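Presented below is the structure to which this report refers.
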Amino acid sequence: MNANIAKSFALRNLFLSVAAILVTSCGTATFSKTGSDAQIESLRNFELAFIDEFAVPGKRFNAAAFDAKVNQGNAKFQQAIADEKFTARRPVLVDLKGQFDADAAHLRSKASRGKVTPGLATEMKKDVNKIYDHALGR
């Protein structure tokens, strides 16, 4: 019976060791998403620049330039989603893409009617930073 108990302890310890290695490797993978984080930061910078370009009070709305920039943004988001290696991050990128679409629609509505106020860009950029910080777990 002592041999069986020793064998059970050995198997239990082996199982716990393997489980511990798996858990720590998953945790490490979660924290080593530097490429993924960099991609999200790149998308943030694009969206902030987009807001700076089109949320300017008194600036004449150029629909062709606006549409071209939106198309460029859509391509960036689609590429980021396709390239994402961490499957758990894809829904985050899809949500960020949805936010970009909503921001673009809001900005188009305001800019095309000449209703851009001085505080619009500030508020939009504040919201964008908050959303991207949340996506990055900050």
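The values are calculated or read from the model by the stated rules, or taken from the named source; none is laboratory data. As the structure is a prediction and not an experimental result, all values here were calculated from the model. Cβ atoms come from the backbone with ideal geometry, glycine included; neighbour counts cover every protein chain shown. Quick note on the areas: whole protein, heavy atoms, side chains included, nothing else; ligands and nucleic acids left out. Shrake-Rupley method; radii C 1.70, N 1.55, O 1.52, S 1.80 Å.
The gain in end-to-end length when the Gln78 to Thr117 segment is fully stretched comes to 11.0 nm, 0.36 nm per residue minus the alpha carbon separation. Decide, for the stretch 38-91, between rounded, prolate and oblate: order the square roots of the alpha carbon gyration tensor eigenvalues as a ≥ b ≥ c, take rounded if a/c falls under 1.5, and otherwise choose prolate if a/b is larger than b/c, else oblate. Prolate, since a/c reaches 1.5 and a/b exceeds b/c. Residues in the stretch 68-79 carry Karplus couplings, in order, of 4, 5, 5, 4, 4, x, 4, 5, 4, 5, 4, 5 Hz; the curve used is 6.51 cos²θ - 1.76 cosθ + 1.60 with θ = phi - 60°, and Gly or Pro positions show x. Quick one: grab the alpha carbon gyration tensor of the stretch 47-138, order the square roots of its eigenvalues as a ≥ b ≥ c, and give me rounded if a/c is under 1.5, else prolate or oblate depending on whether a/b is larger than b/c. Oblate, since a/c reaches 1.5 and b/c is not below a/b.
Summarising the label geometry, the points placed 7 Å from Cα in the beta-carbon direction at Asp67 and Leu136 lie 3.4 nm from one another. Rounded to the nearest 10 square angstrom, Asp83 shows an accessible area of 90 square angstrom against a 1.4 Å probe.
For the peptides 93-103, 61-71, residues were scored by their other Cβ atoms within 10 Å and the scores averaged per peptide; the highest-first order is 93-103, 61-71.
Applying the Karplus relation 6.51 cos²θ - 1.76 cosθ + 1.60 with θ = phi - 60° to the stretch 53-63 yields 3J(HN,Hα) values of 6, 10, 9, 10, x, x, 7, 5, 6, 10, 4 Hz, where x marks Gly and Pro.
Here the Karplus relation 6.51 cos²θ - 1.76 cosθ + 1.60, evaluated at θ = phi - 60°, turns the backbone of the stretch 121-138 into coupling constants of 4, 4, 5, 4, 5, 4, 5, 4, 4, 5, 5, 5, 4, 5, 4, 8, x, 9 Hz, with x for every Gly and Pro.
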